[in-house]
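**Q** Please find one structure pasted underneath; my questions will follow.
The values are calculated or read from the model by the stated rules, or taken from the named source; none is laboratory data. If you're wondering where the values come from, they're calculated on a predicted model, not measured in any experiment. Virtual Cβ from ideal backbone geometry, glycine too; neighbours counted across all protein chains shown. Just the protein is used for accessible areas: all its heavy atoms, side chains included, with ligands, DNA and RNA removed. Shrake-Rupley method; radii C 1.70, N 1.55, O 1.52, S 1.80 Å.
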Amino acid sequence: PNEKKLITTCNGPAVIEELQLIPSIPAGTKVTKRDSLLRKLAVRIYWDDNTLPSVEVPFGDFFCNGVRFRSFRSLPIAVESGTFVIRFPMPFKKAARIEVENGSDIPVEIKTGIKIRPIGAWPGDMNYFHATWRQTMGNGVPHEILNFQGKGHYVGCYLVAMALDGSWNILEGDESIYRDNEVFPSIHGTGLEDYFNGGWYYNGGIYTMPFSGALERAGIRATQFRFHVPDPIAFQKGIRVSIEFGHANASR
């Protein structure tokens, strides 16, 4: 409890092809306290000699389980039988350090599994994997998913959307993706659930597909993921990704 631990270190050049984290929580822990651990545990990954993490995300959100424990399977990320798996390729030149911090008063044991592929020499065109987390409240402007200056490609997000006004208007929000200092977005969508390859307010129920899915739709709250693996969105100077708080940003 209230500690952080370095759970693994690796030497490069190499690629992490699969990372498994298996948390064990004391028997008898109430469901609400167990679910709260999804946000109170943090995952951080450092590449090479960097002192700042390139990945800094709550444990649950990193594995598309931000609200409560839920089993599902996609190609890049899966949660099955208590094992949390991520398969996004993560190359590094010198070293990789993976850390977990427990910000709760509940003791947690975490077992790890990691699949690493050494590479003979570091190619100059390899990108590092980054992940971040942010939360905003509806205040008349879109929620900003990502704002990054530099070169790379956007591979997707996991989004928790919750309305406090009793209306599913929260699912009317359009996504906008601006590349390389665009004034008008390259991509402007037609509704939140459309971006996540659903439709009609997910009236067909929850679902998972290889690169997208809706994991929850209840109580004016929806959780969903979209991974741009077959359709990465490349940028040379920067990228900004946002989604409206419902039509006209009117949802609370």
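**Q** Counting only protein heavy atoms and using a 1.4 Å probe, what share of the accessible area of the stretch 21-76 belongs to carbon plus sulfur, as a whole percent?
**A** Summing carbon and sulfur atoms, their accessible area is 52 percent of the total for the stretch 21-76.
**Q** Go through 200, 133, 168 and list them by solvent-accessible area, largest first, probe radius 1.4 Å.
**A** 200, 133, 168
**Q** Another question about this same structure. At 25 °C and 0.890 mPa s, what whole-number value in µm²/s does Stokes-Einstein give for the translational diffusion of the stretch 9-94, with Rh from the Kirkwood sum over Cα pairs?
**A** The Stokes-Einstein estimate is 174 µm²/s.
**Q** Can you list the residues, at least 5 places off or on another chain, whose amide H is less than 5 Å from the amide H of residue 95, using H built in the peptide plane?
**A** 12, 48
**Q** Rank these residues by their accessible area, most exposed first, probe 1.4 Å: 128, 202.
**A** Correct descending sequence by accessible area is 128, 202.
**Q** Still on this structure, I have one more. So between residue 6 and residue 252, what do we pick up on full extension, going 0.36 nm a residue minus the alpha carbon distance?
**A** Working it through step by step, the gained length comes to 84.7 nm.
**Q** With a 1.4 Å probe and every protein chain left in place, work out the accessible area per residue of the stretch 201-252 in Å², rounded to a whole number.
**A** Normalised by residue count, the accessible surface of the stretch 201-252 is 45 Å².
**Q** Let me ask another. Which whole-number percentage describes the relative contact order of the stretch 125-235, with Cα contacts under 8 Å and a sequence gap of 6 or more?
**A** 29
**Q** Rounded, prolate or oblate: pick one for the chain, where a ≥ b ≥ c are the square roots of the eigenvalues of its C-alpha gyration tensor, a/c under 1.5 means rounded, and failing that, prolate if a/b is larger than b/c, else oblate.
**A** The shape class here is oblate.
**Q** Size of the stretch 141-252 along its principal axes in angstrom, Cα-based, largest extent first?
**A** Largest first, the stretch 141-252 extends 40, 31, 17 Å along its Cα principal axes.
**Q** Relative contact order for the chain: what is it in percent, counting Cα pairs under 8 Å that are at least 6 residues apart?
**A** Over the chain, the number comes to 23 percent.
**Q** Under 17 Å from the Cα of residue 151, which aspartates and glutamates turn up, not counting those fewer than eight places away in the same chain?
**A** Here the aspartates and glutamates satisfying the reach criterion relative to residue 151 are 125, 180, 182, 231.
**Q** Please list, or write none, the lysines whose alpha carbon is within less than 18 Å of the alpha carbon of residue 94, excluding same-chain residues fewer than 8 places away.
**A** Those lysines meeting the cut-off are 115.
**Q** Which of the aspartates and glutamates could be linked to residue 40 by a straight reach, that is with a Cα gap under 20 Å, when you skip same-chain ones fewer than 8 residues away?
**A** 3, 56, 61, 99, 101, 105, 109
**Q** Using a 7 Å offset from Cα along Cα-Cβ at residue 233, what residues in the stretch 193-211 end up with backbone N under 12 Å from the label point?
**A** 195-196
**Q** Among 177, 187, 239, determine the one that fluctuates most according to a GNM of the chain built with springs between C-alpha atoms less than 10 Å apart.
**A** 187
**Q** Check which residues have an amide H placed less than 5 Å from residue 238's amide H, if you skip close sequence neighbours.
**A** Answer set, sorted by chain and number: 150, 180, 181.
**Q** For Cα pairs less than 8 Å apart in space and 6+ apart in sequence, what is the mean separation divided by the residue count of the stretch 42-161, i.e. the relative contact order in percent?
**A** Relative contact order comes out at 28 percent.
**Q** A follow-up question, please. Kindly state, to the nearest 0.05, the FRET efficiency for residue 95 paired with residue 18, given R0 = 25 Å and r defined as their beta-carbon distance.
**A** With a Förster radius of 25 Å, E is 0.85.
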